[in-house]
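Every number here is computed from the coordinates shown, using simple stated rules; none is lab data. This structure is a prediction, so every number in the text was calculated from the model and none was measured. Cβ placement follows ideal geometry from the backbone for every residue including glycine, while neighbour counts extend to all protein chains displayed.
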Amino acid sequence: MYNTLSKTNYIWMHIIMGGIILDIMKELLLSYTLVPNLKTSGIMFISIYVLCIFGGFILRFENRRTIGTVCLNVFFPVGVYVVIAYIKIRPVVIFTLLGISLVLALLLSIFILCGKIKTDDKNRRLRIIKSRIRRALSVSQTLLTLGMFVIVTIISVEILSTGKLEEPASVSSESYKGDAYVISENMDMLMLLDDDSWDNLDITQKMKVLYTVVNIEKQKLGLTTKLDITYDVLEDELMSYYSDSSKMIVMNVSTLLSESSWGTVMCVCHEVYHSYEHRLVDMYNSVGDEYKNLHIFSNVDEYEQEFNDYITPEVSYEGYVDQISEKDARTYQQSRGRDYFYWVNYYMLKNDKSG
């Protein structure tokens, strides 16, 4: 046995270090998690922490109570939480490092377990086998913890340096030439909107599809100004929003993780239409009076008033949905949603028949 801590101190070290880790997690990783909200992610982390600590106690409580094993036991659940919470946003990093750790753990475990036992005494053989199993599990946990430590470090550095997990991708107005961005010309990408395909995409892959949708909607509406799309952790009720000051569509990560492809596409169409409404206001204010009665400007007065005194859902949900700018955006999103739905289903049926 190799113990440098008493049982009482060993338990207290786990409690104290767990509190420190939870505080750090709350300030960093829990705040940027893909779990829908901070309360849920906190409960999830604490549950994982308790279960992993219990497993660590089974492995090491009797004969390996050291500061080192406390650190391993405390950090292991942090790694497990990060892997679960971020697997859809950083799959390559997580799968690569976990794969390397698992292969090394498997090889070392085989080496430990398959060594020759030089005794014929059954009780001694049983003790040796139990000891080897415990050692193999301990080594595996150590290697997995090291792999997850690298994963947590990479994600933490990225959050600290950028404030989010991915920089928004710019949709360039130079892309709009001819019919390059119409639905029918982008079906290879849009076929991923099929429910079975969409549910198997990670966030990065879904964003690539949505970049295409933004391009298509820009061409549809004749927009040539900058328009970016990104994602962030937003309030649960908010699926997305458009900021005209930054020309940015922001998707809620929970929308990308749990919303259907059609609901997500309609969100994007809704927000692109808000950009169009702002451009109508800009144009209205720049043309001469002889053009201001054109039908295209029929709702622009209301748009401008609403943008200057916008009613958010938090202030009044009824007031929010009754705004002309919101009504027009909802009408547009439903119309365009049907277009995407039609084309994807048309190509699915076409492929089924040809197959």
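Some notes on this structure:
- In Å, descending, principal axis extents of the Cα set of segment 175-259: 39, 36, 17
- Expressed per residue, the C-alpha convex hull volume of segment 169-354 stands at 130 Å³.
- Unit Cα scatterers, Debye sum, segment 7-162: log10 I(q)/I(0) for q = 0.12, 0.14 Å⁻¹: -0.58, -0.76
- Across segment 44-93, counting alpha-carbon atoms alone, Rg and Dmax equal 12.6, 39 Å.
- Each Lys and Arg contributes +1 and each Asp and Glu -1, all at the Cβ; summed about the Cα centre of segment 169-354, the dipole is approximately 860 debye.
- Loop-exposed trypsin sites (Lys or Arg not before Pro) per DSSP, neighbour cap 11 Cβ within 10 angstrom, longest uninterrupted part of the chain: 178-355
- Label-point separation, Ser298 to Trp12 (7 Å along Cα→Cβ), nm: 7.7
- Distance violations [Cα-Cα > 26 Å] among Lys208/Lys247; Lys208/Lys327; Lys208/Lys350: Lys208/Lys327
- Dipole magnitude for the chain: about 3900 debye, using +1 per Lys or Arg Cβ and -1 per Asp or Glu Cβ, origin at the Cα centre.
- Rounded to the nearest 5, the antiparallel percentage of DSSP beta bridges internal to the chain is 60%.
- In segment 7-162, lysine pairs closer than 19 Å at Cα, eight or more apart or cross-chain: 4
- Debye log10 I(q)/I(0) for the chain, one point scatterer per Cα, at q = 0.08, 0.15 Å⁻¹: -0.57, -1.25
- Here's the picture: charge each Lys and Arg Cβ at +1 and each Asp and Glu Cβ at -1 in segment 174-308, and of Met266, Met189, Ser240 the one pushed furthest to the positive end of that dipole is Met189.
- Förster radius 35 Å - calculated FRET efficiency between Val103 and Leu126 (Cβ-Cβ, nearest 0.05): 0.75
- Site-free segments of the chain were taken between GluC sites (Glu not before Pro) in DSSP loops having at most 15 other Cβ atoms within 10 Å, sites themselves excluded; the longest one is 63-165.
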